[in-house]
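Quick notes on the structure that follows.
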Amino acid sequence: MKLLEDHAKAWLRARALPVPDGRAAHTPEDAAELARALGGRVAVKALVAAGRRGKAGAVKIANDEIAAEAVARGILGAEIAGQRTRRLYVEAAVDIAAELYLSFGFGRLAPQIAVSRQGGVDIETVAASDPAAIVTAEVDAIRGLSVWQAAYLWERAGVESKLVPLLAALTARLYTAFRDADALMLEVNPLAVTRAGDLSIVGTMMEIDGNALFRHPEWQDLELDETGPGGRALNERERAVIAADRKFQGGAIRYTELPGDIALFVSGGGAGLLQHDLMLAAGGRPANHSDLSPASIDKPAALFDAIFANPGAKGLLIGMNYLQLLPCTLIVEALLLSIKRNGVDPRGFPIVVRLFGPKEDEARRLAATVPGIHYLPHGASLEEGVRKIVALVGA
Amino acid sequence: MSILIDSSTRVLVQGATGAQARFDIRYCLDYGTRIVAGVTPGRGGETVEGVPVFNTVAAALAATGANASAVYVPARGVKDAVMEAVEAGIRVLACFAENVPRHDAAAAVAAARSVGARMAGFNTNGVISPGRCKLGGIGGDRAAQIYAPGRIGVCSRSGGMSAEICWTLSRAGMGASTCVSMGGDPIVGMRMVEVLKLFEADPETDACVIFGEPGGTHEIEVAEALRAGELRKPVVALIAGQFQERYPAGVSFGHFAAVIKGENDSASAKRKILAAAGARVASSLEEIPQLLR
């Protein structure tokens, strides 16, 4: 989940990190008011979750409140990286003498830090033109980032000696803020050296960990910024699945709608990927992708609800890997519950079930109470389930 | 032999009094796994399926000599559970919690690796050395039917697919020396290549099967080790998720780790790189036994 700049900077400011004074604005008049309060010269930025806003024309410097109002009028409502700009961030402009780069993220096993003397530009561009200008290192997740490790990195990045202690201290504190926020990514670009010789966190991007929200009540009500394939907005069914996933305890469900006509209720990450591949190879067109991990009945039932509500779906494959952690009855009970509350008749909406594991016999008896459900014989392969539903929906 | 666990393994269950743990403990005991202790703070003195429960890992180890742990503690408490276990001396773990906060996962994995502990997960369904021991729910109620003993080392990024692969092997008259479900979370305790190096050193493993997905670099590291001659036993690779390439980068359809970010992250790229390094690449489950022959 990406944090917008106002939230990210509020988090850093609360930790006494050097962030320029600033606040969110909803109207050009707000922006003018803020510019006056901030002393005139301000940066006006579109509050959208996108990097490279400067390039997109979404960051402008205004020398006074009148200019701030005009600039704000130009940015509000503009489309930046596919998102309509509804709010602005207005902050005191910083007198920049030099621009550096700093980011935290994760590598294969551990947190990672990257620093560069070349800030203010796309780090991807620096990586392509001058990879040696970016210094990266792993951070010990238990000990955190020490001031001396940070000093070593900035020295290797080639910043002048007198800046090293200042940068090292700030970098270590920023790492703590990164960890305490349960952030997956924190980028400061540019990290500005002001003409007065201070450091200032001018550009910030921050992505927080949706799995750690239980530790962060302050972000519990953030608007969902998840998007579907191609950055499209989520539809009501996808939103309903996310809401159900958050509401009910345990396990996880995921649902992404696609333009085809065969709904996929698949699980276990890997088996779902394989069946999706096999379906395309067999000429079938998936109406969605989904994933499910062991959960109470509410989550699979919510996933079935989304599938049955999708007007594009003409049939359903329930293709589970051999169940090891939960009984087959749980899936069939959820299916029957959702069939009932959505008024589905499997005689006109083919449902193929490839479901083996604990309590399989009981699950078969339950499924047999609804005519039209094709429960494959024990031992049928994942491939057979795919071929069967493609034949039924195609016919 | 086998890797990680065998018939002498004495299993501890952390979070033993939870519903999933009870469900799995029954099947593990039926399978013949020596579960010697459980831990749930505050529930010391109780039993689960006849297994004594202790308040701390240290007490459980002192009383029972457990040497591997099946960790059922949920995501928000699992970092401490792993640290407690490795501090008490456990060196083999399977951690089932999924969607573990990334910073917690990194700290737990760092703690385990710093003492040389080998950890499957997060988001694994366990490890099984067929006929000898199983750590976790892997195999469910029919572990003996699905996971036949044999000489193939299996390492899968998906717990479900580990079952499908081993079931395919057993129907073809083959079996697994050990099957490791590595875990589907972005940070897991062992890299795939590290598991394969254990199989490389195991005299009872003749060849390996890996199941890979888009995202991350596990499969690329395996290819590098093949090219460097560090892995000499045949490797059969099934890499799913090619369909994701039809959609924009950055969309996750399955495991949270399975997000395409770079050019080598896609299923197609991984298949190509593995094939060029000498792995035999399967395009369906049904092909795996043929490629092993």
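I'm checking my understanding of the structure. Among residues of region B:22-64 that are open to solvent by 60 Å² or more (accessible area, probe 1.4 Å) and within 14 Å of another protein chain (Cβ to nearest Cβ), which one is nearest to residue B:146 (Cα to Cα)?
Ranking the candidates gives B:30 first.
Given the residues B:117, B:143, which is the only one that is of a type in the set (A, V, I, L, M), in contact with a helix residue (DSSP H, G or I) (Cβ under 8 Å, 6 or more places away or on another chain) and surrounded by fewer than 24 Cβ atoms within 10 Å (Cβ to Cβ)?
Details: B:143 fails: surrounded by fewer than 24 Cβ atoms within 10 Å (Cβ to Cβ).
Unique residue meeting the criteria: B:117.
Quick one: is residue A:181 open to solvent by less than 20 Å² (accessible area, probe 1.4 Å), within 14 Å of chain B (Cβ to nearest Cβ) and at pLDDT 95 or above? Explain how you work it out, then say what you get.
Working: open to solvent by less than 20 Å² (accessible area, probe 1.4 Å): yes; within 14 Å of chain B (Cβ to nearest Cβ): yes; at pLDDT 95 or above: yes.
Here the answer is yes, as residue A:181 does meet what is asked.
So is residue A:232 in contact with a strand residue (DSSP E or B) (Cβ under 7 Å, 6 or more places away or on another chain) and open to solvent by 50 Å² or more (accessible area, probe 1.4 Å) or not? I'd like the intermediate steps shown before the answer.
Working: in contact with a strand residue (DSSP E or B) (Cβ under 7 Å, 6 or more places away or on another chain): no; open to solvent by 50 Å² or more (accessible area, probe 1.4 Å): yes.
In short, no.
Filter region B:147-181 for residues that are within 11 Å of another protein chain (Cβ to nearest Cβ) and not in a helix (DSSP H, G or I) and give the result.
Within region B:147-181, B:147, B:156, B:157, B:158, B:181 meet the criteria.
Can you tell which of A:312, A:284 is surrounded by 24 or more Cβ atoms within 10 Å (Cβ to Cβ) and either of a type outside the set (Val, Ile, Thr) or in contact with a Gly (Cβ under 9 Å, 6 or more places away or on another chain) (or both)? Outline the logic, then answer.
Details: A:312 fails: surrounded by 24 or more Cβ atoms within 10 Å (Cβ to Cβ).
Just one listed residue meets the conditions, A:284.
So is residue B:8 out of contact with any Gly (no Cβ under 8 Å at 6 or more places or on another chain) and either closer than 23 Å to residue B:97 by Cα or at pLDDT below 95 (or both) or not?
Working: out of contact with any Gly (no Cβ under 8 Å at 6 or more places or on another chain): yes; either closer than 23 Å to residue B:97 by Cα or at pLDDT below 95 (or both): no.
In short, no.
Just one of the numbered conditions (1) open to solvent by 10 Å² or more (accessible area, probe 1.4 Å); (2) at the interface with chain B (Cβ under 8 Å from one of its Cβ atoms); (3) part of a strand (DSSP E or B) is not true of residue A:277; which one?
(3)
Do we find a residue being part of a loop (DSSP other than H, G, I, E, B), among the basic types (Lys, Arg) and open to solvent by 10 Å² or more (accessible area, probe 1.4 Å) anywhere in region A:24-47? Walk me through it before giving the result.
Filtering region A:24-47 down to residues part of a loop (DSSP other than H, G, I, E, B) leaves A:26-27, A:38-41, A:47.
Those still in the list that are among the basic types (Lys, Arg) too: A:41.
Imposing the further condition that a residue be open to solvent by 10 Å² or more (accessible area, probe 1.4 Å) reduces the set to A:41.
Within region A:24-47, one or more residues are part of a loop (DSSP other than H, G, I, E, B), among the basic types (Lys, Arg) and open to solvent by 10 Å² or more (accessible area, probe 1.4 Å).
Does region A:345-375 hold any residues that are over 37 Å from the mean Cα position of the chain (by Cα) and within 14 Å of chain B (Cβ to nearest Cβ), and which are they?
Correct list: A:361, A:362.
Could you figure out which of (1) farther than 30 Å from residue A:213 by Cα; (2) in contact (Cβ under 8 Å) with a residue 60 or more places away in the chain; (3) open to solvent by 10 Å² or more (accessible area, probe 1.4 Å) isn't true of residue B:15?
For residue B:15, the exception is condition (1).
Residues are listed down the side, and each one gets a yes or a no for (1) among the charged types (D, E, K, R); (2) assigned to a loop (DSSP other than H, G, I, E, B); (3) in contact with a helix residue (DSSP H, G or I) (Cβ under 7 Å, 6 or more places away or on another chain); (4) within 14 Å of chain B (Cβ to nearest Cβ):
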position: A:192; (1), (2), (3), (4): no, no, no, no
position: A:214; (1), (2), (3), (4): no, no, yes, yes
position: A:240; (1), (2), (3), (4): no, no, yes, no
position: A:244; (1), (2), (3), (4): no, no, yes, no
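Can you name the residue in region B:176-231 that is in contact with a Lys or Arg (Cβ under 9 Å, 6 or more places away or on another chain), β-branched (Val, Ile, Thr) and open to solvent by 10 Å² or more (accessible area, probe 1.4 Å) and is also modelled with the highest pLDDT among such residues?
B:220
Which condition breaks for residue B:50 when tested against (1) touching a residue at least 24 places away in the same chain (Cβ under 8 Å); (2) over 20 Å from residue B:5 (Cα atoms)?
Just one mismatch for residue B:50, condition (1).
The values are calculated or read from the model by the stated rules, or taken from the named source; none is laboratory data. What you are looking at is a predicted structure, and each value in this text was computed from that prediction instead of being measured. Note that each Cβ is placed from the backbone with ideal geometry, even for glycine, and that neighbours are counted across all protein chains shown. Surface accessibility is based on the protein's heavy atoms, side chains included, excluding ligands, DNA and RNA. Shrake-Rupley method; radii C 1.70, N 1.55, O 1.52, S 1.80 Å.
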